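One structure is given here, and the rest of the page talks about it.
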Amino acid sequence: MKFIRIILGKIILLLNFVFSPRGVKRSSEAQQQADAKASAMQLYQFEACPFCVKVRREMKRQSVNIELKDAKNDPVAREELLNGGGRVKVPCLKIIENGEETWMYESSDIVSYLQKEFA
């Protein structure tokens, strides 16, 4: 079973690379505003998780650079996710607004949030 997941993960990553979406074009001022907003976010993810790929594709579509944290291979990131979000489940978007942290799970919710904030 682990072997099948490894193979499927590699296939997902290959397809994501081949069919990578195009990013939105913004003026330099608008892109700076988007980058400033994105700097207050972190995405906890696994590289080959299909739901994480879905979120990363939306990040690319919206041309935002959110810090990625590998909760599978990085024990510090995994511990942050467990302590902050309450469980090790990916994808999880950590949003810091007005000094408050919000931990958003579920890829569809994260994609909707990114579309609302950056479209």
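The values are calculated or read from the model by the stated rules, or taken from the named source; none is laboratory data. Predicted, not measured: the structure shown is a model, and the values here were computed from it. Every residue, glycine as well, gets a Cβ built from its backbone with ideal geometry; the counts of neighbours run over all protein chains shown. These area figures cover heavy atoms from the full protein model, side chains too; ligands, DNA and RNA do not enter into them. Shrake-Rupley method; radii C 1.70, N 1.55, O 1.52, S 1.80 Å.
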Which lysines have a Cα lying under 25 Å from the Cα of LYS60, excluding residues fewer than 8 positions away in the same chain? LYS10, LYS25, LYS37, LYS69, LYS72, LYS89, LYS94, LYS116
Using the Cα centre of region 46-119 as the reference point, and only Cβ charges (+1 on K/R, -1 on D/E), how large is the resulting charge dipole? Debye, rounded to the nearest 20. 380
What share of the DSSP beta bridges in region 10-111 is antiparallel, in percent to the nearest 5? 70
Of every hundred units of 1.4 Å-probe accessible area on the chain, the number belonging to carbon and sulfur atoms, as a percent, is 55
Per its Cα gyration tensor (rounded if a/c is under 1.5, else prolate when a/b beats b/c, else oblate), region 36-119 is best filed as oblate
Unpaired by the 4.7 Å Cβ criterion, cysteines found in the chain: CYS92
Taking every pair of distinct Cα atoms and averaging 1/r, then inverting, what Kirkwood hydrodynamic radius in Å comes out for region 1-79? 14.0
